[in-house]
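For reference, the structure is listed below as structure tokens.
The values are calculated or read from the model by the stated rules, or taken from the named source; none is laboratory data. This is a predicted model, so every value here is computed, not measured. Every residue, glycine as well, gets a Cβ built from its backbone with ideal geometry; the counts of neighbours run over all protein chains shown. Calculation scope for accessible area: heavy atoms of the full protein, side chains included, ligands and nucleic acids excluded. Shrake-Rupley method; radii C 1.70, N 1.55, O 1.52, S 1.80 Å.
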Amino acid sequence: MTVQEIFETMDYGTAPESAAEAMAWLDKHDRVFGHFIGGVAVSGAAQFATKNPANGQELAQIAQGSAADVDAAVAAARKAFGPWSKLSGHKRARYLYALARLLQKHSRLFAVLETLDNGKPIRESRDIDIPLVQRHFYYHAGMAQLMEAELPDAAPLGVCGQIIPWNFPLLMLAWKVAPALAMGNTVVLKPAEYTSLTALLFAQICAEAGLPEGVVNIVTGDGATGAAIVDHPGIDKIAFTGSTEVGRKIREATAGSGKALTLELGGKSPYIVFEDADLDSAVEGLVDAIWFNQGQVCCAGSRLIVQEGIADAFYAKLKTRMANLRAGDPLDKSIDIGAIVDPVQLKTITDMVDANTDGETHHAPIPLPDQGCFYPPTLITGLSTASHLMQEEIFGPVLAATTFRTPAEAVQIANQTRYGLAASVWSENINLALDMAPKLVSGIVWVNATNLFDAAAGFGGVRESGFGREGGWEGLRAYTKPKATPKPLAQITGYSADAPSPADPLDRTAKMYVGGKQARPDSGYSRPVVSPKGKLLGHVGQGSRKDLRNAVEAAAKARSWAKTTGHLRAQILYYIAENLSARVDAFAKRLSDMTGKSGVAEVDASISRLFSYAAWADKYDGAAKGVPLRGLALAINEPVGLIGALAPDDVPLLGAVSLIGPALAMGNPIVLAPSEPFPLAATDLYQVLETSDVPAGVVNIVTGSHAELAPTLASHLELDAVWSFSSTDLSGVIEAQTAGNLKRSWVNNGKARDWMSTDGEGRAFLQAATEVKTVWVPYGE
Ligand code: NAI
Ligand code: MG
């Protein structure tokens with residue numbers, strides 16, 4: 001046999017990783033696991049099996065958490081919260097460091113156990129999942145250390161309920177637990193029912209690290225256990241990763257409860273290949289994008305969008321590569337494709353692909369094991385953007401492909417989805433690739449790369465991919481709140497009189513302001529605004545659903561405001577302030593007429609506030625993250641989109657300005673419902689806006705009842721965010737109604753804010769007005 005012949009005929013042998021140690025660990029526990037509550041194992045009343053999806057064999061019996069188990073876990077976490085949150089950052093850092101060290105020490109056991117329970121290739125659990133887990137704990141040990149110095153105004157939220165999926169079991173645990181603990185919270189975490197084992201091993205190392213009892217509690221079980229955590233009144237925050245469907249349910253279930261919420265949901269991420277891309281790299285990238293973890297990845301590059309001229313050549317290369325992928329025992333170190341997590345998921349994937357009649361389906365012609373949950377790498381070409389499989393998350397090793405001609409068309413196809421988690425752009429023309437990055441509606445963009453993750457870089461989506469970030473400084477916001485305790489906010493009502501006597505002989509009806517024009521209310525109704533002494537000050541339109549729709553449409557036409565420079569927005573905000581300064585007396589009189597209090601200080605504060613946001617417009621910087629990579633991970637603050645807002649009632653002018661300011665500074669058009677009892681100062685604003693070069697549609701003002709306007713604002717599918725500082729109790733209504741398109745909501749939960757102080761401005765507002773997009777740009781030849 002010649003060397004040549006050996007090369008050609010050579011077959012890979014198997015290179016199995018031993019499962020012995022993991023099996024011994026399971027045996028040591030008699031293959032029955034309870035919960036981990038208050039630092040001890042607590043057996044469950046009912047059990048279910050967790051299996052190895054590669055062969056169907058049962059690995060262990062896991063406890064099905066009941067409401068009582070959740071209750072006990074929340075009680076343990078609550079008890080632990082006081083002492084844990086009062087520890088110095090340094091002490092907490094030492095615990096997180098100890099956990100990181102123990103994760104390293106037991107890394108192979110974690111990797112093997114993960115692969116056994118989940119079916120993912122050992123190469124991935126060993127080289128990607130578990131190292132990232134360790135990195136996450138190291139990184140957040142540092143955050144605990146730095147908290148007092150760098151986040152002096154931040155306090156922990158309390159007890160965090162954390163519900164995670166099965167695709168990266170230990171990694172999702174790390175993403176949830178490490179930042180929560182670093183910031184002084186305690187947790188009740190529920191792993192996914194298919195993959196609880198590494199969480200239970202983690203519980204063991206928490207004990208080994210001497211972590212105080214009750215700081216980490218693990219309750220296993222299915223969706224019912226998850227729902228019991230979501231509904232538990234003793235929980236301050238829910239962090240969820242999983243399907244968009246369950247995310248929506250959780251949004252509704254927590255609405256009005258005051259619980260903080262972050263959702264990391266599904267995706268249908270575009271993978272865009274230009275004709276000048278390095279096609280071999282792009283093919284290799286696709287192997288990572290869609291066949292990593294059998295495609296069971298929320299940010300999987302599951303939509304291939306390839307330039308028409310090279311599409312056939314690219315598909316041919318891809319099919320050749322697919323024929324060389326190796327599926328097999330996940331514990332075999334030389335396989336690429338492991339098992340799908342469970343027969344249920346395998347059936348979902350099979351049914352979705354089988355039901356499809358569009359395009360051409362190509363299954364990789366490779367042998368699959370004859371037992372276990374395996375699905376071949378699959379490419380479906382010739383799909384239209386509207387095809388079911390181009391729109392719906394398959395969550396399996398199935399790549400849906402279509403073509404484009406121009407960069408503009410690539411952007412349009414890429415953004416034609418209800419999701420917005422990640423995107424990959426492949427082109428050797430860096431100008432083109434970097435020009436694409438800001439145009440893609442997604443939380444992450446990888447340039448000539450895919451599936452890069454790091455603890456220092458924020459991860460999370462826009463649109464129906466959820467809200468909140470994990471990783472980086474931005475991820476800490478999900479686990480902190482301001483230190484100061486807000487006071488309750490009582491409903492503020494206006495004045496009325498049976499037969500108000502006009503203060504002014506002319507009966508003036510204040511118009512709304514929509515698309516740069518004054519508008520009458522569609523309802524044709526208006527109501528009198530009366531001074532404390534019963535004098536009629538004017539009438540104000542009763543805004544309706546129709547008026548809001550018009551306003552949102554006008555705001556949508558002004559979306560290009562997002563593309564203006566910070567410098568230009570600063571100039572316009574200064575100009576608004578200047579024009580307001582020219583009318584101090586008129587505005588002050590208006591305020592005192594309505595409220596009976598001097599308005600001078602409020603007008604001055606409003607002018608100052610506009611200056612603040614003019615200042616911020618070009619200073620709310622992004623960052624270049626310290627990721628362990630030859631390249632850049634850029635955190636860019638992008639505008640959140642279209643904002644609908646209910647203004648505070650107590651400060652009629654300052655309240656409006658406090659919301660218009662950050663929205664405009666960061667590039668967002670806004671639809672504002674001004675103070676309900678005292679609307680006239682905001683309606684006077686249109687004269688100031690008109691003379692200040694604010695483009696039509698960037699600010700829209702709709703007066704009326706907050707209670708009537710809130711549901712329309714919160715449910716409007718075109719709006720990206722909704723804020724409420726109304727003194728009417730609407731937080732629950734608003735949060736529940738946002739579940740439709742999962743827009744970001746920021747509500748006051750019936751708590752007051754001191755608008756006259758710096759409490760009424762600054763970073764919290766800028767954060768709500770932006771989304772962090774992480775753009776990864778690896779470099780080097
Ligand atoms: P799922 O969303 O039902 O499960 C995720 C977690 O939520 C699990 O721990 C589950 O027990 C829990 N859960 C289920 N119902 C709940 C409820 N009502 N309240 C609280 N917690 C609840 O996801 P599933 O059914 O395992 O997978 C279905 C589809 O979801 C997949 O095909 C995929 O499309 C998507 N998915 C997306 C993930 C992501 O990373 N974005 C992860 C897992 C699934
Ligand atoms: Mg399993």
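Take the alpha carbon atoms of region 240-258, find their center, do the same for region 143-205, and report the distance between the two centers in whole angstrom. Cα centroid of region 240-258 versus Cα centroid of region 143-205: 18 Å apart.
Ordered from highest to lowest accessible area with the whole protein assembly present and a 1.4 Å probe, SER726, SER496 read as SER496, SER726.
Within the full protein context, the accessible area of HIS106 is estimated at about 40 Å² for a probe radius of 1.4 Å. Measuring from centroid to centroid over Cα atoms, what is the spacing of region 586-615 and region 670-722 in Å? Comparing the Cα centres of region 586-615 and region 670-722, I get a distance of 18 Å. Kirkwood hydrodynamic radius of the chain, from the reciprocal of the average inverse Cα-Cα distance over all distinct pairs: 27.8 Å. Working note: 222 nm ellipticity from helices only, DSSP H runs with n ≥ 4, each -39,500 (n - 2.57), summed and divided by the residues of the chain, gives -12000 deg cm²/dmol to the nearest 500.
Ignoring the sites themselves, what is the longest stretch of the chain with no chymotrypsin sites (Phe, Trp or Tyr not before Pro) in a DSSP loop and at most 15 other beta-carbon atoms within 10 Å? My reading of the result: 13-524 is the longest stretch. Just add up the charged neighbours of GLY226: K/R +1, D/E -1, any other residue whose Cβ is under 12 Å from the Cβ of GLY226. Its environment carries a net charge of -1. For region 663-771, the spread of Cα positions along the three principal axes, ordered from largest to smallest, is 38, 29, 27 Å. Using the Cα coordinates of region 719-758, the gyration tensor eigenvalues translate into equivalent-ellipsoid semi-axes of 21, 12, 6 Å, sorted from longest to shortest.
The angle between the Cα long axis of helix 67-86 and the longest principal axis of the Cα atoms of the chain comes to about 70 degrees, rounded to the nearest 10.
Our summary gives the chain a relative contact order of 12 percent, counting only alpha carbon pairs under 8 angstrom and 6 or more residues apart. Inter-part distance, region 59-120 to region 488-555, computed on C-alpha centroids, equals 55 Å. Percent of alpha carbon pairs in region 20-80 separated by more than 18 Å? I get 43 percent for the Cα pairs in region 20-80 exceeding 18 Å.
Once the 1.4 Å probe is applied to the protein heavy atoms, region 670-781 comes out at 31 Å² accessible per residue. Temperature 37 °C, viscosity 0.692 mPa s: under these conditions the Stokes-Einstein estimate for region 6-151, based on its Kirkwood radius over C-alpha pairs, is 180 µm² per second. The alpha carbons of region 338-377 occupy a box of 29, 23, 13 Å along the principal axes, longest dimension given first.
Please report the carbon-and-sulfur percent of the accessible area for the chain; probe 1.4 Å, protein heavy atoms only, DNA, RNA and ligands left out. Result for the chain: 53 percent of the exposed heavy-atom area is carbon or sulfur.
Both radii come from the Cα set of region 295-341: Rg as radius of gyration, Rh as Kirkwood radius; their ratio Rg/Rh reads 1.07.
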